[in-house]
């Protein structure tokens with residue numbers, strides 16, 4: 001693994017504070033420096049609700065800015081829940097936002113060498129929290145946001161703990177062994193996307 005000095009500055013574009021805390025902690029566990037991880041824009045004041053449109057709206061301008069400064073050691077991490085859509089539906093929306101023609105042809109307009117990773121929890125980030133920290137026997141159709149096991153973490157300080165502890169457990173206990181073949185498909189997709197940042 002490369003040293004922290006060689007790790008890029010990372011810009012996070014995500015829906016809410018749960019996403020941001022999870023991504024930040026996961027990247028730190030992967031060797032990225034906390035001070036080099038930035039939010040676009042600050043998510044701390046944003047409510048925890050459906051912010052898919054916000055992410056899709058800002059994705060293309062952020063990528064264009066990234067491309068205009070391709071001489072800098074930078075990366076982008078996007079996190080957006082599927083809600084009731086599929087992972088492919090969300091990816092297609094982002095691809096269309098970036099390049100309408102390519103996106104409508106179901107092509108990914110990101111270049112292979114671009115450090116742009118897209119994480120798409122299905123149905124939402126709470127599914128990942130549930131799978132990682134509570135029980136592996138879960139699915140991506142059920143909305144775990146209101147499950148008793150997740151609701152007990154609803155105080156903001158507890159939510160931060162849940163996001164951070166889930167990221168640590170994923171990076172230290174689950175990822176080193178490799179995901180089970182029957183793990184959540186959205187986590188498998190995230191592992192593939194993570195390679196864009198680490199290569």
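Table for the structure above
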item	result
The listed residue being under 21 Å from residue 60 (Cβ atoms), at pLDDT below 95 and under 17 Å from the mean Cα position of the chain (by Cα), out of 110, 159, 196	196
Residue in segment 70-84 that is free of Cβ contacts under 8 Å to residues at least 40 places away in the same chain and closer than 23 Å to residue 166 by Cβ present	yes
Residue in segment 131-146 that is crowded, with 19+ Cβ neighbours inside 10 Å, at pLDDT 95 or above and under 15 Å from residue 63 (Cβ atoms) present	no
Segment 15-28, subset modelled with pLDDT under 95 and not in a loop (DSSP other than H, G, I, E, B), residue farthest from residue 81 (Cα to Cα)	21
Subset of segment 111-130 that is touching a residue at least 40 places away in the same chain (Cβ under 8 Å) and under 21 Å from residue 70 (Cα atoms) - its residue that is surrounded by the most Cβ atoms within 10 Å (Cβ to Cβ)	116
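The values are calculated or read from the model by the stated rules, or taken from the named source; none is laboratory data. Not measured: the values here are computed from a predicted model. Glycine gets a Cβ as well: all are built from the backbone with ideal geometry, and neighbour counts include every protein chain shown.
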